[in-house]
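Engineer: Structure below; questions to follow.
The values are calculated or read from the model by the stated rules, or taken from the named source; none is laboratory data. The shown structure was predicted, so the numbers you read here are calculated from the model rather than taken from an experiment. Every residue, glycine among them, receives a Cβ derived from its backbone with ideal geometry; neighbour counts consider all protein chains shown.
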Amino acid sequence: MNEVLKKWGFPIDRMFLAAGPCSAESREQLMECAGALAGKGISFFRAGIWKPRTRPGSFEGVGLKGLAWMDEVRAETGLKIGTEVAEPAHVEACLEYGLDILWVGARTSTNPFSVQAIADALRGTDIPVLVKNPMSADVGLWMGAVERIANAGITRLGVIHRGFSSELEMRYRNAPGWKTPIELKRRMPELPIICDPSHICGKRALIPSIAQEALDLLFDGLMLEVHPDPDHAFSDSAQQFTPTQFFELIEKLNLPHEQS
Ligand code: PEP
Ligand code: MN
């Protein structure tokens, strides 16, 4: 477990663990999900407020009102809260609500101008930020996004591996392409790195083995999508766990440092 990450001030039980729905859909959905996750050692509650979708016509997020719901989740449950930011206005709104952590999504980390605009909006703050890998397996582009945010003065900075788009990939939604995050880890050894098996797999059944593989490769933790009613989720329905399924998985995972 990364020593730097331990100092971020987030709860860490067996690993750094982000969990919550792909999208914030309603106040009730968020509260139900967060209520089921609270008090069990997760590091932060995730939910997408603004959803940059690949194709138009899909659910694009509830927007600003979702931040008020997230704030309520934190007040009710004590969970730390985080969401994805894709443009400076998102950063400003999240800072206003005092979110505990932000992440830059894969579609955004692909574009240096977008990352720079986000970095400029973050300047002068000390909010923790996680940078998802760009859509393609380009370690330089991923490092560049991290450097832009580091250059803006963000010190609690980490990355999320969520796999890479591939026309050829049939099994996974996004190819795991492990050698790219491993290379990033080699070049930036201090940087906390967590894995997002939900977006790699795209299907629930594949998630346990990818989550275990990430831990075997010494990733510092996981981000997993959890929804109270996955089959009716507004986005990424096939890859979300119920809270019960989520906790069953977490308990089964082996951490290399826990093995005797
Ligand atoms: C997400 O975390 O909900 C998301 C949209 O992920 P990605 O940017 O990895 O596609
Ligand atoms: Mn999702």
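Engineer: What number goes with the only condition from (1) more than 16 Å from ligand 2 (Cβ to nearest atom); (2) farther than 21 Å from T54 by Cα; (3) at pLDDT 95 or above that P176 does not pass?
Structural biologist: Result: P176 fails condition (2) only.
Engineer: OK, next. Hey, can you tell me all the residues within segment 33-78 that are buried (at least 18 other Cβ atoms within 10 Å of the Cβ), assigned to a loop (DSSP other than H, G, I, E, B) and touching a Pro at 6+ places or on another chain (Cβ under 9 Å)?
Structural biologist: Passing the criteria: I42, S43, A47, G61.
Engineer: Further, regarding this structure: Under 6 Å between Cβ atoms, at least 6 apart or on separate chains: pull out the pairs that start in segment 192-208 with a residue that is in contact (Cβ under 8 Å) with a residue 24 or more places away in the chain and closer than 20 Å to S43 by Cβ and end on any residue that is basic (K, R) and more than 15 Å from ligand 1 (Cβ to nearest atom).
Structural biologist: I193/K185
Engineer: Filter segment 167-182 down to the residues that are away from ligand 1 (no atom under 14 Å from the Cβ) and part of a loop (DSSP other than H, G, I, E, B), then identify the one that is farthest from G202 (Cα to Cα).
Structural biologist: The selected residue is W178.
Yes/no matrix, rows are residues, columns are (1) in contact with a Pro (Cβ under 9 Å, 6 or more places away or on another chain); (2) hydroxyl-bearing (S, T, Y):
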position: P134; (1), (2): no, no
position: L141; (1), (2): yes, no
position: I149; (1), (2): no, no
position: G153; (1), (2): no, no
position: G158; (1), (2): yes, no
position: H161; (1), (2): yes, no
position: S165; (1), (2): no, yes
position: L168; (1), (2): no, no
position: Y172; (1), (2): no, yes
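Engineer: I'd like to check something: does segment 78-95 contain any residue that is touching a residue at least 12 places away in the same chain (Cβ under 8 Å), within 16 Å of ligand 1 (Cβ to nearest atom) and farther than 30 Å from D138 by Cα?
Structural biologist: Checking segment 78-95: not a single residue is touching a residue at least 12 places away in the same chain (Cβ under 8 Å), within 16 Å of ligand 1 (Cβ to nearest atom) and farther than 30 Å from D138 by Cα.
Engineer: Which ranges mark the helices (runs of 4 or more DSSP H) fully within segment 191-260 that have 3 or more residues being at pLDDT 95 or above and more than 16 Å from ligand 2 (Cβ to nearest atom)?
Structural biologist: Details: elements: 197-201, 207-216, 243-252.
The helices (runs of 4 or more DSSP H) meeting that bar are 207-216, 243-252.
Engineer: Okay, next question. Has segment 93-105 got at least one residue that is within 20 Å of S165 (Cα to Cα) and away from ligand 2 (no atom under 16 Å from the Cβ)? Walk me through it before giving the result.
Structural biologist: Of all residues in segment 93-105, those within 20 Å of S165 (Cα to Cα) come to 103-105.
Next, from what is left, pick out any that are away from ligand 2 (no atom under 16 Å from the Cβ): none.
No: segment 93-105 contains no residue that is within 20 Å of S165 (Cα to Cα) and away from ligand 2 (no atom under 16 Å from the Cβ).
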